[in-house]
Each structure stands twice: as C-alpha cells, then as structure tokens.
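Below is one structure, written out as structure tokens; comments come after it.
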Ligand SMILES: C[S@@+](CC[C@H](N)C(=O)[O-])C[C@H]1O[C@@H](n2cnc3c(N)ncnc32)[C@H](O)[C@@H]1O
C-alpha cells in the first residue's frame with residue numbers, strides 16, 4: 001500500500017505484537033524499504049496512464065471534467081491523473097480530493113499546487129480539498145437533503161482497506177457518477193502474496209490497525225452485488241517486492257515481513273509457532289519466487305477494478 005492512514009497508538013490482542021501503524025518510526029523505515037524494493041508505484045502509474053488514454057477517448061465530447069479522488073493521500077496518484085488529462089483537449093478540470101488526514105491533504109495540496117497554473121493548450125485545473133472521511137462527506141449531503149454532486153470520474157486507490165463498510169462506500173461512489181462517468185479502484189490482488197498471508201493468518205495478526213485485510217477478490221464480490229445496472233471489469237497489475245534472501249536475520253527481510261503482516265518488529269516479537277508459520281508461508285512458492293542466489297521476489301500484484309453504470 002502506498003501510504004499509511006492516521007491511526008492511534010495501540011497494542012495487539014495477538015500477544016506482544018503491535019500494529020505497524022502504532023510505531024511511526026518503524027512504519028516509516030518499513031514503508032521506505034517497500035518503496036525502494038518494490039515496483040508498486042511504477043506499476044500503478046503505468047496502469048493509470050493507459051487507463052487515462054482510454055478516458056480521454058471516452059470523455060472526448062466533454063470540455064469540462066469533474067473528478068473525485070477518494071482517499072487521495074499525498075496526491076502522487078492524482079498528480080499522474082491530472083497531468084495526463086490536462087494535456088488532452090479539455091478546457092476545465094475540477095477535482096474534489098477527499099481524505100480524513102489533515103497531514104495528507106496538506107501534502108497533497110503542496111504537490112498539486114503547480115497544476116493550478118495552466119500553460120497554453122492545457123486545461124485550467126481547480127482543486128477542492130475535503131479533509132474528512134468519504135462516509136462523512138456523503139453524510140453531510142444526506143443530512144441537508146442536498147443532491148450528491150456528480151463526477152465524470154471517481155477513483156479510489158489503495159484506500160478501501162481502511163473503511164468499515166466498503167459496500168456502502170462503493171455504492172455511494174457509483175451514485176456520484178455522471179451518466180457517462182467511470183470509476184476505477186486499485187486494491188491488492190487476491191492472487192498476491194498478501195492475500196495468502198492475510199487469509200491464513202489475518203485473525204492472529206494485530207487487529208488494531210484499522211485495516212480490514214480485504215483483497216480485490218473480496219471487493220469484486222461487493223461490486224457484483226451493486227446490481228446488473230453496474231458493469232464491472234477487473235485487470236491484474238503485476239508487481240514484485242524484493243524481500244532479500246533471509247527473513248530472520250537481515251534488516252531487509254525483517255522490514256519486508258513487517259510491511260507484509262502490518263506488524264512492528266514481527267520477527268523479533270512474534271511468538272512461536274506463529275513466527276515460523278508466517279515466515280515459511282512468505283518464503284514459499286505460494287507467495288514468492290526465488291532466483292539462483294536465493295533472493296526472493298514477493299508477489300505484490302494489484303488489481304484494477306473499473307465500473308460504469310450501463
Ligand atoms: C494507503 S493510502 C492511499 C493514498 C493514495 N490514494 C495513493 O494511492 O497514493 C490510503 C488513504 O486513504 C485515506 N482514508 C482512510 N480512510 C478513509 C475514508 N474513510 N475516506 C476517505 N479516505 C480515507 C487515508 O487517510 C490515506 O491517506
């Protein structure tokens with residue numbers, strides 16, 4: 001996952017193992033290693049660029065676009081989306097960016113600021129930030145009786161892990177689409193190594209990290225329940241995470257394990273036999289490919305799910 005949600009300090013019910021997000025220093029170390037040793041960011045960006053090419057054709061008749069980014073984080077994904085679209089033929093692009101973390105929306109605002117000044121041939125971009133959860137954003141419209149604003153594109157990238165009711169978030173995202181609007185979401189693949197580890201050990205890992213351990217297969221099932229009027233497609237995005245050759249004693253391996261199980265200092269703190277069982281699964285063919293030097297590539301695949309109302 002590309003950046004952490006805000007969480008509070010807490011300890012795990014699973015013995016002495018704490019959520020990775022409860023230890024900011026360790027989280028930053030582990031996340032930094034993940035960014036360096038995985039191609040996730042590049043894989044997501046490549047998929048989005050191709051999808052934006054399709055969107056430019058699909059939304060060809062429009063001059064003005066309205067987009068909504070749900071769980072924008074620090075804006076890395078929005079930067080790619082907006083840069084691609086503003087260099088197409090559109091005149092105005094308005095983007096609503098929603099995230100409950102003030103720290104993240106501040107970073108996002110700083111990152112995207114330069115896009116609001118357009119050059120010849122580029123669309124004029126305006127940004128509206130909502131520092132709130134998507135659920136609360138929807139609730140304010142419901143409370144006031146005001147109709148939900150409609151968007152030409154709604155996207156949720158790596159954020160559905162952190163919501164209590166993903167079905168309701170999906171339902172309200174679909175309701176926010178303009179007639180010809182499209183939705184895309186990116187989520188960890190049901191074929192990834194994470195899926196194998198989370199499904200087998202999820203209940204024995206820290207339960208206090210606000211993560212629902214869903215995979216794209218779980219999300220796909222929810223999308224299919226939205227009704228026959230919603231068309232759903234799914235594409236696998238291949239990605240790998242180089243986790244070294246020794247999960248027990250090397251720092252590379254230990255930080256990778258922490259990121260995968262979302263627990264701080266798992267190798268040092270987890271009780272046996274849980275530790276050995278988890279490490280064996282991560283190193284097994286189910287999750288990992290090994291080269292001739294014994295270096296392991298963890299399956300970091302993602303899934304892109306796209307939807308529209310027929
Ligand atoms: C892993 S980050 C992904 C950020 C960004 N989409 C990306 O891919 O780089 C997840 C983001 O979702 C946000 N988030 C968590 N719960 C949310 C909710 N209920 N509504 C909207 N955003 C939420 C978090 O604050 C965090 O910034």
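Ranked for footprinting exposure by Cβ neighbours inside 10 Å, fewest first, 99, 74 give 74, 99. Which angle between 0 and 90 degrees, to the nearest 10, do you get for helix 274-283 versus the longest principal axis of the chain when only C-alpha atoms count? Tilt relative to the chain: about 60 degrees.
Diffusion of the chain by Stokes-Einstein, at 20 °C in a medium of 1.002 mPa s and with Rh set to the Kirkwood radius over alpha-carbon pairs, works out to 105 µm²/s. Taking other C-beta atoms within 10 Å as the exposure proxy, 127, 20 rank 127, 20 from fewest upward. With respect to the chain, whose longest principal axis is taken over its alpha-carbon atoms, helix 24-37 is tilted by about 80°.
Only Cα pairs under 8 Å and at least 6 apart count here; give the relative contact order of the chain as a rounded whole percent.
Relative contact order of the chain: 23 percent.
Ordered by the count of other Cβ atoms within 10 Å of each Cβ, fewest first, 187, 231, 94 give 231, 94, 187.
Just so you know, all these numbers are worked out from the coordinates, no wet-lab data involved. Predicted model, so just to flag it, every value in this text is computed and none were measured. With ideal geometry, Cβ positions are generated from the backbone for all residues, glycine too; neighbour counts draw on all protein chains shown.
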